[in-house]
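Below: one structure, written as structure tokens.
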Amino acid sequence: SPRADDLTVARSYFDHQPYWERDDAGELIYTEFQHTFEDHITDLAATGFQVDQVWEPQWTAEAAPDGAWGLWSAERCALVPGTLIVAAHKAR
């Protein structure tokens, strides 16, 4: 749900186990892999990248004119960022 009222923590942010959803027939329909901010930055550094800038953009009305995009909305994104953008370059 994109509603802030429905936002609950079901597992730790630090839990790296994949999250799976299956349909009624048991078929896999969705998989999500949790990576922390630390994971992303550490992996970039370990592969020779230098981080130039990091953004966690806030919701804008232009993001979704109908007020929601999937499970994300202005209400929910005011509490939890929905996107992480990292600009990096290969260090020489």
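The values are calculated or read from the model by the stated rules, or taken from the named source; none is laboratory data. Please read these numbers as outputs of a predicted model, since none were measured by experiment. Backbone-built Cβ (ideal geometry, glycine too); neighbour counts: all protein chains shown. Ligands, DNA and RNA are stripped out before the accessible areas are found, and what is left, the full protein with its side chains, is counted by its heavy atoms. Shrake-Rupley method; radii C 1.70, N 1.55, O 1.52, S 1.80 Å.
Quick check on the chain: helices-only [θ] at 222 nm, where DSSP H runs of length 4 and up contribute -39,500 (n - 2.57) each and the sum goes over total residues. Nearest 500, please.
Calculated mean residue ellipticity at 222 nm is -4000 deg cm²/dmol.
Please state the relative contact order of the chain as a whole percent: Cα pairs under 8 Å, 6+ residues apart?
32
Between residue 9 and residue 41, what length comes free when the chain is fully extended (0.36 nm per residue of separation minus the Cα-Cα distance, one decimal in nm)?
This chain segment gains 9.2 nm when fully extended.
Calculate the length of the line joining the C-alpha centroid of region 50-85 to that of region 13-27, in whole Å.
That distance is 23 Å.
How large is the direction-averaged shadow of the alpha-carbon convex hull of the chain, in nm²?
8.2
Once the Cβ-Cβ distance between residue 30 and residue 78 is put in as r, and R0 is 25 Å, what FRET efficiency do you end up with, to the nearest 0.05?
E between residue 30 and residue 78, to the nearest 0.05, is 0.50.
Residue by residue through region 13-19, which ³J(HN,Hα) values in whole Hz follow from phi under the Karplus form 6.51 cos²θ - 1.76 cosθ + 1.60 (θ = phi - 60°), with glycine and proline marked x?
4, 8, 6, 8, 5, x, 9
Computing the accessible area with a 1.4 Å probe over protein heavy atoms, can you report the carbon and sulfur percentage for the chain?
After summing per-atom areas, the C and S share lands at 55 percent.
Across 5 Å bins from 0, what is the distribution of all Cα-Cα pair distances for region 40-92, in whole percents?
4, 19, 22, 14, 11, 13, 11, 5, 1, 0
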